[in-house]
Amino acid sequence: MSKIPKPKNIVLFLLIITLTISLVFVSSWTNGIVIFDDLSDSINKQILYQSITLFGTIIFLLILRLAKRTEFQAYFRKGKISADILPEPIIGIKPKPTENWFHIGLNFAIIISVVTAMVIYFQLIKDSGTSIVNILNVLPFSIVFALSNSFVEESITRLGVVVVLKDVLKDRTIPLISALIFGTVHYWGNPGGFLGVIVAGFLGWLLTKSILETKGIFWAWLIHFLQDVIIFSALLSI
């Protein structure tokens, strides 16, 4: 049953909203700033953006640990990657008796990656003239940026939401809150627009569900990382 949130939880939740919105502004502010002359504008932007947001996220995690130590320690870990998964028949999650998060996590990692690749292709790559050689050239940067970006966004919009709202809202409601936050801000992201809102919203819901049920961030970070490798590879190569 939902409880009346304590002032501490309200303040932390507002901090999550503020940090999520700030990602959009930091992304805009870092456009055109050149740190290394021999690197492209897009790589320069990401070096600065990822550095700023990663630093902010570390501060946020320290605050979260101090304010909600029990919940933080319960979920800020790898978790049980083969934990049981609660069925969601309405969207096709109907695990067999022998299936758990290990099987469902792998399936969604592949399916969501394919969907992301298709969306990114039509939104960014199709008319850009980029080539597979360009993508391979930026792949090392893409991997590093994806590791950082997925950690930042999972820490704020997934782990943060779970830690702050656990035992305040029902477990089935918490993923919807994360989906709303993550989906809305992606209207200005990549993938963007209303399609981006839907894709990111579903991802937000699924990955929050994974954190709650596995009591860890393994699947959330891994699946998000794979999507970000695809996205950054496109963004940095065009």
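The values are calculated or read from the model by the stated rules, or taken from the named source; none is laboratory data. It should be emphasised that the depicted structure is a prediction, and the values quoted were computed from it without experimental measurement. Positions of Cβ are backbone-derived with ideal geometry, glycine not excepted, and every protein chain shown enters the neighbour counts.
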Residue match in the range 174-182 (condition: surrounded by 22 or more Cβ atoms within 10 Å (Cβ to Cβ), closer than 24 Å to PHE122 by Cα and not acidic (Asp, Glu)) | yes
Residue by residue through the range 16-53, note down the ones that are touching a Phe, Trp or Tyr at 6+ places or on another chain (Cβ under 7 Å) and either over 21 Å from TYR187 (Cβ atoms) or modelled with pLDDT of 95 or more (or both).
-> LEU19, VAL26, THR30, ILE43, ASN44, GLN46, GLN50
Inside the range 153-173, can you point out the residues that are among the β-branched types (Val, Ile, Thr) and surrounded by fewer than 23 Cβ atoms within 10 Å (Cβ to Cβ)?
-> VAL168, THR173
Any idea which of (1) loosely packed, with under 15 Cβ neighbours inside 10 Å; (2) free of Cβ contacts under 8 Å to residues at least 12 places away in the same chain is the one ILE93 doesn't satisfy?
-> (1)
Can you tell me which residue among ILE104, ILE135, ILE125 is buried (at least 17 other Cβ atoms within 10 Å of the Cβ), in contact with a strand residue (DSSP E or B) (Cβ under 8 Å, 6 or more places away or on another chain) and either on the phi < 0 side of the Ramachandran plot or touching a residue at least 12 places away in the same chain (Cβ under 8 Å) (or both)?
-> ILE104
Selection within the range 32-47 - of a type in the set (A, V, I, L, M) and more than 23 Å from VAL152 (Cα to Cα) | LEU39
Could you please find all residues in the range 49-90 being polar (S, T, N, Q) and either in contact (Cβ under 8 Å) with a residue 60 or more places away in the chain or surrounded by 15 or more Cβ atoms within 10 Å (Cβ to Cβ) (or both)?
-> GLN50, THR53, THR57
Given the structure, is GLY216 assigned to a helix (DSSP H, G or I), surrounded by fewer than 24 Cβ atoms within 10 Å (Cβ to Cβ) and more than 11 Å from the chain's Cα centre (by Cα)?
-> no
All-but-one check, MET118 against (1) more than 30 Å from ILE238 (Cα to Cα); (2) in a helix (DSSP H, G or I), failing number (1)
Among the residues listed as GLY201, GLY216, GLY192, the single one being of a type outside the set (A, V, I, L, M) and closer than 13 Å to ILE112 by Cα | GLY201
